[in-house]
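The values are calculated or read from the model by the stated rules, or taken from the named source; none is laboratory data. Values in this document were obtained by computation on a predicted structure and should not be read as measured data. Quick reminder, even Gly has a Cβ in these numbers, built from the backbone with ideal geometry, and neighbours come from all protein chains shown.
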Amino acid sequence: MVVGLLGGGQLARMLAQAAHPLGIKTVFLDPAVDACAQVAADHICAAFDDTDALDQFAARVDVISYEFENVPFESVQRVAKKKPVFPPADAVAVAQDRLVEKTMFGELGIATAEFRAVDNLSSLANAAKEIGLPAVLKTRRMGYDGKGQAIIWETSELEESWSSIGEVPAILEAFVPFDRELSIIAVRSQSSRVEFYPASENTHADGILRLSLSRVADPCQGRAEEYVGRLLNRFGYVGVIALELFQLGDDLIANEFAPRVHNSGHWTIEGAEISQFENHMRAICGLPLGSTQAVGKAAMVNFIGKIPTGGTVMSQPNVFLHDYGKVAKPGRKVGHATVQVQTDGDFVNTVDDILALAK
């Protein structure tokens, strides 16, 4: 079995690494000459809209997936005519447009913050009056790790905020004074079997995920599973999916979903019986799913911009280093560490130590 991946970043790298023990080969297409997945998979270096390269890519593989949702939809459609694509292409289409995504959430009975479509400065001003401030302005397409977003606190900031996102089609969302940020990761097989990982409690800074804590038996687990289950059924989904949520009192409010493996699930590599990466490969290749049960307590700390020396990180007990092999750059995710312990012990202190190293 050969799996083709659109994209060659750290998620593709970890998918390829998870595939090796299963006897699955991987090929990925990515325009970056130094794509970090090339240490684990064959690299077709080409633009995502290069039709000849896409045809060559599809000819070499048995099934196709992707590591991020902003691959040109036309490219996904092209390869889907030649080989099976999982998750399904329509999940990508919805995830690429925040207005379409939020509208779909409403149709499925999944709560969201109040939102309005914004196409120009005038409609932004009207939306701000209807929703109230503070509010969050987000581009409808692209944008990740805090990019393409602006928090608007006062009406005097409307014009500057509109300019800061490039004056492109957007949505304005009511600001959610959340108690916690959560995510739920699920996997669905070709035979429609569904498994859920324990919820992750997440902490962001400057729009970038910094810390994820696995929360076994979290009181919000059941509601989160119900919400993500509606998405799985909506798309006839196959593979791993992540749903980002805000907890506000007793309510859960959906932020966005990702039709792929997710940063907040990196703790599953050491902290679950079968990681999200292996289960994604199992699902799209028609293999039985593995257990999503947590193994003790686990956390993931992202390294942003630079990575501490390996010896410093690994001198901590029960800590596992993942270096993505990327060139250091401000705002770039260059690696992560996982903390995994069987009992509470010094779990909190160890996580705090790794967070200190990550600064």
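Test each condition in (1) assigned to a strand (DSSP E or B); (2) over 17 Å from the mean Cα position of the chain (by Cα); (3) closer than 30 Å to Gln342 by Cα; (4) among the aliphatic types (A, V, I, L, M) for Ala217 and report the one that comes out false. Answer for Ala217: the failing condition is (1). Against the numbered list (1) over 25 Å from Phe246 (Cα atoms); (2) basic (Lys, Arg); (3) in contact with a helix residue (DSSP H, G or I) (Cβ under 6 Å, 6 or more places away or on another chain), Arg188 comes up short only at (1). Of everything listed in (1) of a type outside the set (Ser, Thr, Tyr); (2) surrounded by 17 or more Cβ atoms within 10 Å (Cβ to Cβ); (3) in a loop (DSSP other than H, G, I, E, B), the single unmet condition for Met142 is (2).
Taking first residues from the range 65-94 that are more than 14 Å from Val3 (Cβ to Cβ) and partners that are not hydrophobic (A, V, I, L, M, F, W, C) and not in a loop (DSSP other than H, G, I, E, B), the Cβ contacts under 8 Å between residues at least 6 apart in sequence or on separate chains come to Val76/Tyr66; Arg78/Thr51; Arg78/Asp55; Lys82/Asp55; Ala89/Gln77; Val92/Tyr66; Val94/Glu101. Can you say whether Gly143 is closer than 16 Å to Glu256 by Cα and at pLDDT below 95, as far as the supplied structure shows? Considered against the rule, which asks whether it is closer than 16 Å to Glu256 by Cα and at pLDDT below 95, Gly143 comes out as yes. Every listed requirement among (1) among the small types (Gly, Ala, Ser); (2) more than 21 Å from the chain's Cα centre (by Cα); (3) assigned to a loop (DSSP other than H, G, I, E, B) is met by Ala53 save one, (3).
Within the range 204-214, being under 14 Å from the mean Cα position of the chain (by Cα) and of a type in the set (Ser, Thr, Tyr) holds for one residue alone: Ser212.
A Cβ distance below 9 Å, combined with a sequence gap of six or more or placement on separate chains, defines the contacts here; from the range 37-48, residues that are outside the structural domain of Ala12 (by TED's automatic domain parsing) and part of a helix (DSSP H, G or I) reach no residue that is among the β-branched types (Val, Ile, Thr) and surrounded by fewer than 19 Cβ atoms within 10 Å (Cβ to Cβ).
Are any of the residues in the range 221-232 of a type outside the set (D, E, K, R), surrounded by 23 or more Cβ atoms within 10 Å (Cβ to Cβ), assigned by TED's automatic domain parsing to the domain that holds Pro288 and part of a loop (DSSP other than H, G, I, E, B)? No, there is no match, as no residue in the range 221-232 is of a type outside the set (D, E, K, R), surrounded by 23 or more Cβ atoms within 10 Å (Cβ to Cβ), assigned by TED's automatic domain parsing to the domain that holds Pro288 and part of a loop (DSSP other than H, G, I, E, B).
Of the residues making up the range 165-172, at least one is farther than 30 Å from Asp250 by Cβ, not in a loop (DSSP other than H, G, I, E, B) and not assigned by TED's automatic domain parsing to the domain that holds Ala272. Going through the range 173-211 one residue at a time, which ones are among the β-branched types (Val, Ile, Thr) and not in a loop (DSSP other than H, G, I, E, B)? Selection gives Ile184, Ile185, Val187, Val194, Thr203, Ile208. Part of a strand (DSSP E or B) and in contact with a strand residue (DSSP E or B) (Cβ under 7 Å, 6 or more places away or on another chain): does that describe Val334? In short, yes. Filtering the range 170-220 to residues that are of a type in the set (Gly, Ala, Ser) and surrounded by fewer than 17 Cβ atoms within 10 Å (Cβ to Cβ) leaves Ser191, Ser192, Ala205, Gly207, Ala217. Candidates Gly290, Gly239: the one that is in the same structural domain as Gly331 (by TED's automatic domain parsing), more than 22 Å from Ala111 (Cβ to Cβ), touching a helix residue (DSSP H, G or I) at 6+ places or on another chain (Cβ under 7 Å) and surrounded by fewer than 21 Cβ atoms within 10 Å (Cβ to Cβ) is Gly290.
Being assigned by TED's automatic domain parsing to the domain that holds Ile269, crowded, with 18+ Cβ neighbours inside 10 Å, small (Gly, Ala, Ser) and under 21 Å from the mean Cα position of the chain (by Cα) is a description that applies to Gly335.
Checking Leu108, Leu133, Leu124, Leu137 one by one, the residue that is surrounded by fewer than 19 Cβ atoms within 10 Å (Cβ to Cβ), among the aliphatic types (A, V, I, L, M) and touching a helix residue (DSSP H, G or I) at 6+ places or on another chain (Cβ under 6 Å) is Leu108 and no other. If you go through the range 276-299 and keep only what is more than 25 Å from Val238 (Cβ to Cβ) and not in a loop (DSSP other than H, G, I, E, B), you end up with Lys297, Ala298, Ala299.
Apart from one condition, Ile253 fits all of (1) among the aliphatic types (A, V, I, L, M); (2) under 26 Å from Asp97 (Cβ atoms); (3) in contact with a Lys or Arg (Cβ under 8 Å, 6 or more places away or on another chain); the exception is (3).
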